[in-house]
Structure formats: C-alpha cells, structure tokens
1. Please work out if Leu42 is modelled with pLDDT under 85, in a helix (DSSP H, G or I), loosely packed, with under 10 Cβ neighbours inside 10 Å and not basic (Lys, Arg).
2. Going by the conditions given, is Glu35 assigned to a loop (DSSP other than H, G, I, E, B), of a type in the set (Asp, Glu) and surrounded by 12 or more Cβ atoms within 10 Å (Cβ to Cβ)?
3. Mind listing whichever residues of segment 1-18 are more than 14 Å from the chain's Cα centre (by Cα) and either surrounded by fewer than 10 Cβ atoms within 10 Å (Cβ to Cβ) or at pLDDT below 85 (or both)?
4. Could you please tell me which pairs satisfy a Cβ distance under 6 Å, a separation of 6+ or placement on different chains, a first residue in segment 4-25 that is β-branched (Val, Ile, Thr), and a second residue that is in a loop (DSSP other than H, G, I, E, B)?
Amino acid sequence: MDYSNRILCGPMVRISSLPFRLLALEYGADIVFSEELIDYRLMQCVRVENSI
C-alpha cells in the first residue's frame, strides 16, 4: 500500500477507541488504527504444550 499523500491516524494508547476512529474517518482520515495493546501478562506468558 502506498502511504504517500494519505492522512493517517496512528495507534495511540487510551484514545484510539472506536468512536474516535470513526470521527477521524468522518473528518478525512484515510487510514485509522486500533489501540496499542500493552499487557504485561502477554509479554510474560510461557507457551505450554500437552504431550501426546
């Protein structure tokens, strides 16, 4: 995708809710992104597999 000459609304913590993104599109944004995910539980998780 060519991003030149596009109006982007980048991901922002605690502000990129769906209503905000819809307003950004209504006011002329070409592309909007959802909120950033900051979850330390996901960063610290350990993958566990059951043996067959």
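The values are calculated or read from the model by the stated rules, or taken from the named source; none is laboratory data. Computed from a predicted model, the values in this text were never measured in an experiment. Because the Cβ atoms are built from the backbone with ideal geometry, glycine has one as well, and the counts that use them run over all protein chains shown.
1. Details: modelled with pLDDT under 85: yes; in a helix (DSSP H, G or I): yes; loosely packed, with under 10 Cβ neighbours inside 10 Å: yes; not basic (Lys, Arg): yes.
Yes; evaluated as a whole, the condition is true for this residue.
2. Values: assigned to a loop (DSSP other than H, G, I, E, B): yes; of a type in the set (Asp, Glu): yes; surrounded by 12 or more Cβ atoms within 10 Å (Cβ to Cβ): yes.
So Glu35 passes the test.
3. Our first condition is that a residue be more than 14 Å from the chain's Cα centre (by Cα); within segment 1-18, this holds for 1-7.
Within segment 1-18, Met1, Asp2, Tyr3, Ser4, Asn5 meet the criteria.
4. Ile7/Gly28; Ile7/Ala29; Ile7/Asp30; Val13/Glu36
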